[in-house]
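**Q** Got a structure for you, written out below as structure tokens; questions coming shortly.
The values are calculated or read from the model by the stated rules, or taken from the named source; none is laboratory data. Keep in mind that what you see is a predicted model, and the values were worked out from it rather than measured. All Cβ positions, glycine included, derive from the backbone under ideal geometry; neighbour counts span all protein chains shown. Just the protein is used for accessible areas: all its heavy atoms, side chains included, with ligands, DNA and RNA removed. Shrake-Rupley method; radii C 1.70, N 1.55, O 1.52, S 1.80 Å.
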Amino acid sequence: LRQEQILGVGMMISGDAAVSDRLSTARTETDRALAATVTSLGTVDIADPSGQVQRLVGRYGEMISNLPSTRAEVDAADPSEVVTVLDDYDVAIDLVGELLSTVSGATSTALNLNNHLVLDRALSAVNGQMAYGLVKLGPDPDNLVASGRFDVLSQDAESFARTFRTSIANASERAVLDRAFKDERSRAAGAVVAGLVAGTDAEALETTPGQF
């Protein structure tokens, strides 16, 4: 979902055909992942006396049903609707995180669950920086809503990354975060994000939204 959000907003701002092609692939991957989660949820049998899990599962189904509407907004490619689209994806992403953490909390040890959730939050915050960073690279770089959320996500990304690196994490979890930060393209994107965090003018970064 976060990948789809980034590519969708990138397409809305840039109109780049290459971004549109990658977005189509990302949507297929999203649909596959959402369907797999629905299947997995059908195999989980946990005590749910408060009905919280059932309510979250119901909201999850509604989110999947509403996704075509969000995609239609993306396809309309109206730059004035970028923040609305970001909002829609953020709501979906937060719901997925809440559902998975709730289900995992009933089936995982506390230590393993904590490490996993911190890793997930760290990667989500980094990707959120990229999504809102696109707005700062586009024709409306001073959008107050997008700029405010970019600043918050930048603080979260730094905090969660630091927490994860200093927590007890197994090698496979640590490798996921290391790959995310050491991949060549990720490092290039990270340099742009760092420039935006430092307040560098978008033009000085010499990166278009499509390239980003």
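**Q** Does D21 satisfy being in a helix (DSSP H, G or I) and open to solvent by 50 Å² or more (accessible area, probe 1.4 Å)?
**A** Here the answer is yes, as D21 does meet what is asked.
**Q** What residue, among those in region 34-50 that are loosely packed, with under 13 Cβ neighbours inside 10 Å and more than 27 Å from the chain's Cα centre (by Cα), is farthest from Q3 (Cα to Cα)?
**A** P49
**Q** Tell me which residues, restricted to region 87-103, are open to solvent by less than 60 Å² (accessible area, probe 1.4 Å) and either more than 23 Å from T37 (Cα to Cα) or in contact with a Leu (Cβ under 9 Å, 6 or more places away or on another chain) (or both).
**A** Going residue by residue through region 87-103, those that are open to solvent by less than 60 Å² (accessible area, probe 1.4 Å) are 87-90, 92-93, 95-97, 99, 101-103.
D88, Y89, A92, I93, L95, V96, G97, L99, S101, T102, V103, listed by residue number.
**Q** So, in region 1-18, how many residues would count as being open to solvent by 40 Å² or more (accessible area, probe 1.4 Å) and assigned to a helix (DSSP H, G or I)?
**A** Number of matching residues: 4.
**Q** Still on this model: For region 179-201, which positions are open to solvent by less than 40 Å² (accessible area, probe 1.4 Å) and either of a type in the set (D, E, K, R) or in contact with a Gly (Cβ under 8 Å, 6 or more places away or on another chain) (or both)?
**A** Here is the first cut: in region 179-201, the ones open to solvent by less than 40 Å² (accessible area, probe 1.4 Å) are 180, 189-190, 192-193, 195-196.
V192, V193, L196 - these are the residues of region 179-201 that are open to solvent by less than 40 Å² (accessible area, probe 1.4 Å) and either of a type in the set (D, E, K, R) or in contact with a Gly (Cβ under 8 Å, 6 or more places away or on another chain) (or both).
Residue by residue, here is whether (1) among the hydroxyl-bearing types (S, T, Y); (2) farther than 20 Å from V74 by Cβ; (3) modelled with pLDDT of 90 or more holds:
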site: A17; (1), (2), (3): no, no, no
site: S20; (1), (2), (3): yes, no, yes
site: T25; (1), (2), (3): yes, no, yes
site: T28; (1), (2), (3): yes, no, yes
site: D31; (1), (2), (3): no, no, yes
site: L34; (1), (2), (3): no, no, yes
site: V44; (1), (2), (3): no, yes, no
site: Q52; (1), (2), (3): no, yes, no
site: G61; (1), (2), (3): no, yes, yes
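**Q** Among the residues of region 136-172, write down those that are modelled with pLDDT of 90 or more, among the hydrophobic types (A, V, I, L, M, F, W, C), in contact with a helix residue (DSSP H, G or I) (Cβ under 8 Å, 6 or more places away or on another chain) and closer than 17 Å to V193 by Cβ.
**A** Correct list: L137, A146, F150, L153.
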